[in-house]
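Q: Pasting in a structure now, in C-alpha cells, and then I'll have a few things to ask.
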Amino acid sequence: MDVWFVGGRSALFWLALKSGFWTVLTLGFYRFWMKTRLRRWYWSSIRPGGHPLEYVGDPWEKLLGFFIAVVILTFYIGIVNLALMFVSFSVFQSSFIGYFSSFLGVIPIWFYAQYRARRYVLGRTRWRGVRFGLEKGAWGYAWRALLHWVITICTLGLLWPRMTFYLEKYKTDRTYFGSATLMQGGRWTMLYRATGPFALAVGLAALLVFWLVWLEPLVPQGAKSFEEVVGGFEADIDLMFDILDWQRPFRLFLILPVLLMMIYGAVHYRFASKRILANHKHSAGVQLNSSLNALRVSMIYVLGTTIAYAILVVGIMAIAGVAFALMGSEALVQSQLGTSDPLGDLPRWLSIGVLAALYLSVFLFWGVLHHAFVTYPLMRHMALTLSLLNVAGLAQVSQRARDEFAEAEGFAEALDLGAAI
Amino acid sequence: MSMPPDLESHVAGPRPMRQLFSGIDSTYFDGDTPVPQTVTLMVDHAAQVLEIGLPGSAVAGVCWSLDEIRQLEDTAGQEGVILRWMGDPLARLHLADPYILQHMPHLKRGAPPKGRGRLAAWAFAAVAGVAFQIGVLVPLLADRLAEFIPPAGERALGEATFGQIRQALAGTGLPPLPICENQDGLAVLEEMLVGLEAERGTDAAIKVFVLDHEMINAFALPGGYVVFFRGMIDAAQSPNEIAAVLAHEVGHVENRDPTRHALRSAGSIGILGLLLGDFAGGAVVLFLTEQLISANYAQSAESGADEFAFAALEAADVTPAALGDIFERLRDKVGDTDGVMSHFVSHPTLTSRINRARSAARADAAYGDIVSDESWSALKRVCD
C-alpha cells in the first residue's frame, strides 16, 4: 500500500501566510491556531492507500496547555535560576557555573516535554477513523535519554547509534494504531551502516589536523610571536601561484570541504537511520517500508534554505527600496551617519511599535518561506518514500480510547521545542 | 459530475421526498475498524437526514441529521471532502461527489470552545503566577540573598554586569564602549571619594569608572562599581555636583541596592524569556539592560541614597544643595531633548527631591568646594 501526497505548495504558502499574519496581529496568541491549521493541512496531504491522515488537535487545548506549562515552569525557572546565580557568584565568583547548571537542569524537562509532545500529536492523529496513541512514560524516556547521552559522550560518540536505536525503540514500542501496537525490530548495530559518510569526514578531519599540526607544522616551531607567524603568512601570499605547494598555509582552506562533509554526514546519519529503523518497524500483519533518500533530503535542506533566504533578502531590499523612495535619499544617508533619527518625530511607543512590527514580519515571512521550501518538500519526500508492505493485519484493528491530555504540548511550546511543524 | 439517478427529479412538481446521490468512490469509516466501506447515499428531505447505506456490511446503514453534518477544515488537495457528524464524533464519510453538499446547511459552523471556565482559570493563574513571581517572590528572595552574598561574589556579579552594559551600549559586533583613562581626571574622582570618606583599599572599596558616552547619567553596580557617563560630567557646572551624584551612588552601594537589582533581573530574565519565546529573547536582554541603567529603584531606595549623600556631603563640608542643583540642571536640560533616559529625570517626585536637598543645607553655614578649580578642569578632560 503506497502513501500519496496530494497538497500543493501554493495552497500551503497562502495558509501559512494567512495564519502567520493573524499570529503577528494577535501578538503571538494565534500561533496555537496556526499550528493546528498547518498540521491539519499536512496531515490531510499524507494519504496512505488514498485515505488521508486526520489531525484532530484543538487550538484551545493548546492554549490551555501553554498556560499550565507557564504556571509550572515560571516557578521552576525563576526561583531556581535566582538560587543558582546566587550560589554561582557566592561560591565560584562567576556566572558561568550558574548558567551551566541552569542549562543542565532544563535537559530532563526537555526530554520529558519531547515525549509528551509526541504523545499529544499521536493521540490527536487518526487514519481511517482510528486513533493513534502513545503510552504514558515521559519520565522513563527522560532518564533513559539522559543515561544514553552520558554513555554516548563518555564513548566519544562511538555508541551514538545505540542511543538512536534504543530511544527510538522506547517510543516505537509504545506506539499504537487503534488496538495494534507497533514494534521496533532489528539490532542497534545495524545503524552503523548509516554512519559511513560521517565516519569518513571525521577520518579526513583527523588526517588534516595531523598533517597541519605535526607532519608539516603550519606554525613553525621557531616562530616566537604572533607577528612573526602572520608575517610568515604574508610572505607566502606573495607566492600565490604556489597553491600546489603542500607546505603553504593555503592548506587551511581544506578545512572548509571537510566541515561541509561533516555536516552532510550528520544529515545523512539522521535520515538514513530513520530509513533503517522504519524498515524494521512492524505490527501484527503490517510491515513498514521506507526508501528515504538521505542525499535528496540534504538537497532539500540546502536548496530550500537558499531559496527561502534569497526571497527573504529580496523582500527586505524591496522594503528598503520603498522606504528610500518615500523618504528620499538624504534621510537615509543621514540615518546611516547617525545624524538624524528617522523615527525621532514619532512618540517613543509608536516608533517601538513600528520596529517591533517590522521585526515580527521578517520572522513571519521567514517561517512561511521555510514551510513552503523546506518543510513541505521534506514531508512530501518522507510520505512518498513510505509504504506498507503487508496490510492483512489492518482488518483486525479496532478503536482505542481517547487520550485525555490537559496540558497538550504546553511544555514543549514553552521551551520552544515544537518548532518542527 | 454525474446526475443523480433519480428520475423523479426531472419531473416538475413538488420536491421528491427522498433523493438518491452517487456513492461511487465515496467511503465510510465507522470509527472502529480501519476498513473502508462502500456506500449508497440518500437524502430524506422530510426527515432532514442523510441515509448512508452500507451494502457490504452487517449493519444496514446509518442516518446523519443534515444540520449536524460538518466538513473537515484546512484539507489539502482539490478533490473530495471529508464529512463528520456531531452525533458520532469518530465516524467519517469521505465524499467524492460534492453535489450532495448543498443539502447540508451548516457545513462550516464552528463548535464553541469547550471548558471556557477552566481555560480562564488557568489563564488567570498564569498571569497571576508570573506577576507574583516578578513582583513579589523574586524581589523578596533577591533582597534576602543580597545580604548573604560575599564581597568577592558581589564584585564578580558587578564585573559581569558592567561588561554586559558596555557591550549592549556599543551594539552587537562592535568592541565594548571605551572607558575614559585620563589619569589626572581619575585621580580627581579618587580625591572626591577620599573627601566623602568612602571606603578605600578594602575588598568592598568603591571603584569609579567613566564611560565615553554622551548620555547624562550615572549608575551603581554590585561590588562597589560606580559608573559615570561622560555626558554627566559635561553637564555639571561645579565639582560639587559631581561629588553629590557620587555620594548618591555610593549610598546605593552601601544599601546594596544594585546587588538586589541584579539578583532580581537574574530571576526575571528566565521567566520573560520563557513567555516571549526565542526570537523576542534578545529584545528582553536589551530591555533589562536599560532597566539596569535607568535603575528604577523603589522610592524608598532613592530617598535612602539621597539621605546618605546629604550626610556624606555635610561631613565633607560640601553643601547638600549641590544634589538639588544637578537634579534641576538635568531636569531643565533633558526636558527639551526627548528620548534621553535618565533615572533622575524619569523619577516623578524629582521636584520634591530637589526641595529636600536644598532644605538639607544649613542656611547660615559657609560651605567649601570638594576639590580645587584645577582639579575640576582636570576632571572635565577625563575622556580626552
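Q: So B:E214 fits all but one of (1) surrounded by fewer than 15 Cβ atoms within 10 Å (Cβ to Cβ); (2) among the acidic types (D, E); (3) more than 14 Å from every other protein chain (Cβ to nearest Cβ); what number is the exception?
A: Going through (1) surrounded by fewer than 15 Cβ atoms within 10 Å (Cβ to Cβ); (2) among the acidic types (D, E); (3) more than 14 Å from every other protein chain (Cβ to nearest Cβ) one by one, B:E214 breaks only (3).
Q: With respect to the numbered conditions (1) exposed (fewer than 15 other Cβ atoms within 10 Å of the Cβ); (2) within 20 Å of A:R40 (Cβ to Cβ); (3) without any contact (Cβ under 8 Å) to a residue 12 or more places away in the chain, which one is the sole condition not fulfilled by B:R109?
A: The single condition B:R109 does not satisfy is (3).
Q: What tally of residues in the stretch B:236-267 results from selecting those that are within 14 Å of chain A (Cβ to nearest Cβ) and of a type outside the set (A, V, I, L, M, F, W, C)?
A: Quick first cut of the stretch B:236-267, residues within 14 Å of chain A (Cβ to nearest Cβ) only: B:256, B:258-267.
Filter once more, so that each one left must be of a type outside the set (A, V, I, L, M, F, W, C): B:256, B:258-261, B:264-265, B:267.
Matching residues across the stretch B:236-267 total 8.
Q: Something else: Considering only the stretch A:79-109, how many residues are within 7 Å of chain B (Cβ to nearest Cβ) and polar (S, T, N, Q)?
A: 5
Q: Looking at the stretch B:114-130, can you tell me whether even one residue there is of a type outside the set (D, E), surrounded by fewer than 15 Cβ atoms within 10 Å (Cβ to Cβ), at the interface with chain A (Cβ under 10 Å from one of its Cβ atoms) and touching a Leu at 6+ places or on another chain (Cβ under 9 Å)?
A: yes
Q: Condition first: in contact with a Lys or Arg (Cβ under 6 Å, 6 or more places away or on another chain), small (G, A, S) and more than 22 Å from A:P59 (Cα to Cα). Can you find one or more residues in the stretch B:159-170 that meet it?
A: Restricting attention to the stretch B:159-170, the residues satisfying the condition of being in contact with a Lys or Arg (Cβ under 6 Å, 6 or more places away or on another chain) are none.
No.
Q: Also, I was wondering about something else. Counting only residues that are touching an Asp or Glu at 6+ places or on another chain (Cβ under 8 Å) and within 7 Å of chain B (Cβ to nearest Cβ), which one in the stretch A:34-46 is surrounded by the most Cβ atoms within 10 Å (Cβ to Cβ)?
A: A:W41
Q: Give me the pairs, please: first residue somewhere in the stretch B:179-203 and closer than 13 Å to B:I370 by Cα, second residue anywhere and exposed (fewer than 15 other Cβ atoms within 10 Å of the Cβ), beta-carbon distance under 8 Å, and either six or more positions apart or on two chains.
A: So the pair list comes out as B:L193/B:R200; B:V194/B:R200; B:L196/B:A315; B:E197/B:A315.
Q: What number of residues within the stretch A:5-19 satisfy the criterion of being without any contact (Cβ under 8 Å) to a residue 12 or more places away in the chain and either in contact with a Gly (Cβ under 7 Å, 6 or more places away or on another chain) or part of a helix (DSSP H, G or I) (or both)? Quick ask: steps written out before the conclusion?
A: Within the stretch A:5-19, the first condition is being without any contact (Cβ under 8 Å) to a residue 12 or more places away in the chain, and the residues that meet it are A:8, A:10, A:14, A:18.
Within this subset, residues satisfying the condition of being either in contact with a Gly (Cβ under 7 Å, 6 or more places away or on another chain) or part of a helix (DSSP H, G or I) (or both) are A:10, A:14, A:18.
The qualifying residues number 3.
Q: Further question on the same structure: How about the stretch B:55-82: which of its residues are crowded, with 17+ Cβ neighbours inside 10 Å, among the aliphatic types (A, V, I, L, M) and away from every other protein chain (no Cβ under 12 Å)?
A: Of everything in the stretch B:55-82, those that are crowded, with 17+ Cβ neighbours inside 10 Å, among the aliphatic types (A, V, I, L, M) and away from every other protein chain (no Cβ under 12 Å) turn out to be B:V62, B:L66, B:I69.
Q: Could you please let me know if A:L200 is modelled with pLDDT under 85, out of contact with any Phe, Trp or Tyr (no Cβ under 8 Å at 6 or more places or on another chain) and part of a helix (DSSP H, G or I)? It would help to see each step written out before you state the result.
A: Details: modelled with pLDDT under 85: no; out of contact with any Phe, Trp or Tyr (no Cβ under 8 Å at 6 or more places or on another chain): yes; part of a helix (DSSP H, G or I): yes.
Taking the combined requirement at face value, the residue does not satisfy it.
Q: Related question: In the stretch A:238-269, which residues are part of a helix (DSSP H, G or I), at pLDDT below 75 and exposed (fewer than 12 other Cβ atoms within 10 Å of the Cβ)? Talk me through it step by step, then tell me what you get.
A: Our first condition is that a residue be part of a helix (DSSP H, G or I); within the stretch A:238-269, this holds for A:238, A:240-244, A:249-269.
Checking the rest, the ones that are also at pLDDT below 75 come to A:238, A:240-244, A:249-252.
Correct list: A:D238, A:M240, A:F241, A:I243, A:L244.
Q: Just the residues that are part of a loop (DSSP other than H, G, I, E, B) and of a type outside the set (S, T, N, Q), please, taken from the stretch A:270-325.
A: So in the stretch A:270-325, the residues part of a loop (DSSP other than H, G, I, E, B) come out as A:280, A:284-285, A:291-293.
Within the stretch A:270-325, A:H280, A:A284, A:G285, A:L292 qualify.
Q: Inside the stretch B:39-67, can you point out the residues that are of a type outside the set (A, V, I, L, M, F, W, C) and assigned to a loop (DSSP other than H, G, I, E, B)?
A: Applying the first criterion (of a type outside the set (A, V, I, L, M, F, W, C)) to the stretch B:39-67 yields B:40, B:44-45, B:48, B:51, B:53, B:55-57, B:61, B:65, B:67.
Passing the criteria: B:H45, B:Q48, B:P55, B:G56, B:S57.
Q: Here's another thing I want to ask about it. Just to be sure I understand, how many residues within the stretch B:133-145 are more than 9 Å from every other protein chain (Cβ to nearest Cβ) and hydrophobic (A, V, I, L, M, F, W, C)?
A: 2
The rows are residues; the columns are (1) within 8 Å of chain B (Cβ to nearest Cβ); (2) not small (G, A, S).
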residue: A:G8; (1), (2): yes, no
residue: A:A11; (1), (2): yes, no
residue: A:F21; (1), (2): no, yes
residue: A:L27; (1), (2): no, yes
residue: A:R31; (1), (2): no, yes
residue: A:P48; (1), (2): no, yes
residue: A:I68; (1), (2): yes, yes
residue: A:I77; (1), (2): yes, yes
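Q: All but one of (1) in contact with a Pro (Cβ under 9 Å, 6 or more places away or on another chain); (2) farther than 30 Å from B:E314 by Cα; (3) part of a loop (DSSP other than H, G, I, E, B); (4) not acidic (D, E) hold for B:T202; which doesn't?
A: (2)
Q: For the stretch A:53-62, how many residues meet the condition of being more than 7 Å from chain B (Cβ to nearest Cβ) and farther than 13 Å from A:V121 by Cα?
A: Residues flagged as more than 7 Å from chain B (Cβ to nearest Cβ) and farther than 13 Å from A:V121 by Cα within the stretch A:53-62 amount to 0.
The values are calculated or read from the model by the stated rules, or taken from the named source; none is laboratory data. Predicted model only: the values in this text are computed from it and were never measured. Heads up, the Cβs are rebuilt from the backbone with ideal geometry, glycines too, and the neighbour counts pull from every protein chain shown.
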